[in-house]
Amino acid sequence: MSCFESSKFLKNPQVMNQEVLIKACNELGWRYEIRKNELIVLNANQKEDLRGEYLLKVKGDTVTYNSYYMKNAKEFVLELQGTFFKLNVVYAKETILKEFESVGFTFKRDYDFVASNEEVDRFYMVGYSKIENEDEKRTEIQFTILSDGTVVTDSNYIPEDIHKLADEAMLKLDSAFGTSRREGIEIKRKEVPERYKTKSFCTVNNKIRAKN
């Protein structure tokens, strides 16, 4: 996580954290079982009859989709795509909350946000600096979840201690999403306002630069 940064997580469909997936399935009302440390999704309220077959299963954090049904008619795959998008959206939010709350951030709703076909949720994770002489202790990091489960983050100034906690959470998000964000592609730097150029902030290499 960098100061003055916009970042995008494009979820790898082959990677899911079981703990977060269980919460997502519970919220969506999907039926699943756990067999020998393997999480198996049997029903996702889809229209199609899977005839007792699983829809997907997760061993460790690796996802296997039911290839028999997935390779069938294009219409069937498109029908299921909407189902998986719902899963990705819930999975994304649960993952963000889990990882950022674990390092001390708290959730804040965006009461002004209006969902659209493209953007389905937006909220903030809030952290407070413990640096004694820091004059901007409160930090808000914005998260927007798109309809397919893609996550877009946006940050401004972040104090050094909060920055380190955000770094830790973002690395865990990368793992849970199976992503590998690239500088200049998924990670884009914003222009640093003049008033912050003498304060601690990240360089292009995502390192904290000491105050002048």
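Read the figures in this text as sums done on the coordinates, not as results from a lab. What you are looking at is a predicted structure, and each value in this text was computed from that prediction instead of being measured. Reconstructed Cβ throughout: ideal geometry from the backbone, glycine too, with neighbour counts over all protein chains shown.
For the pair residue 31 and residue 106, what calculated FRET efficiency results from E = 1/(1 + (r/R0)^6), where r is the Cβ-Cβ distance and R0 = 45 Å, to the nearest 0.05?
It comes out at approximately 0.90.
What net charge do the residues around residue 142 carry, taking every other residue with its C-beta under 9 Å from that of residue 142, with Lys and Arg at +1 and Asp and Glu at -1?
-2
Between the helical axis of 74-101 and the dominant principal axis of the chain, each derived from Cα atoms, what acute angle in degrees is found, rounded to the nearest 10?
Long axis of 74-101 versus the principal axis of the chain: about 40 degrees.
Output the 0 to 90 degree angle, nearest 10, between the alpha-carbon long axis of helix 18-28 and the longest principal axis computed from the alpha carbons of the chain.
That works out to roughly 70 degrees.
Determine the alpha carbon to alpha carbon distance for each of 164/199; 23/47; 11/98 and list only those over 18 Å.
Values: 164/199 16 Å; 23/47 22 Å; 11/98 16 Å.
Pairs exceeding the cut-off: 23/47.
Taking the beta-carbon count within 10 Å as an exposure proxy, list 131, 22 from fewest neighbours to most. All intermediate terms of the calculation are to be shown ahead of the outcome.
Numbers: 131 13, 22 16.
Ascending number of Cβ neighbours within 10 Å: 131, 22.
Report, in debye and to the nearest 20, how large the dipole of the chain comes out about its Cα centre when Lys and Arg carry +1 and Asp and Glu carry -1 on their Cβ.
Numbers: 34 positive and 35 negative charges, 82 e Å.
I would put it at about 400 debye.
Over the chain, calculate the relative contact order: mean separation of alpha carbon pairs under 8 Å at least 6 apart, over the residue count, as a percent.
For the chain, the relative contact order is 28 percent.
Hey, can you grab everything whose amide H is under 5 Å from the amide H of residue 121? Only 5+ residues off in sequence or another chain; H modelled, so Pro and N-termini drop out.
Counting only residues 5 or more places away or on other chains, the set is 145.
Can you check what the net charge comes to around residue 89, using other residues whose Cβ is under 11 Å from the Cβ of residue 89 (Lys, Arg +1; Asp, Glu -1)?
Working: positive: 11, 86, 93; negative: 27, 94, 119, 121, 148.
Local charge sum for residue 89: -2.
If you add up the charges near residue 165, with Lys and Arg at +1 and Asp and Glu at -1, over every other residue whose beta carbon is less than 12 angstrom from its beta carbon, what do you get?
With Lys, Arg at +1 and Asp, Glu at -1, the net is -3.
At a temperature of 4 °C and a viscosity of 1.567 mPa s, determine how fast the chain diffuses translationally according to Stokes-Einstein, using the Kirkwood radius over alpha-carbon pairs as Rh; express D in µm²/s, rounded to the nearest whole number.
Value of D from the Cα-based Kirkwood radius: 69 µm²/s.
With the crude spin-label approximation of a point 7 Å out along Cα→Cβ, what separation in nm comes out for residue 152 versus residue 81?
2.0 nm
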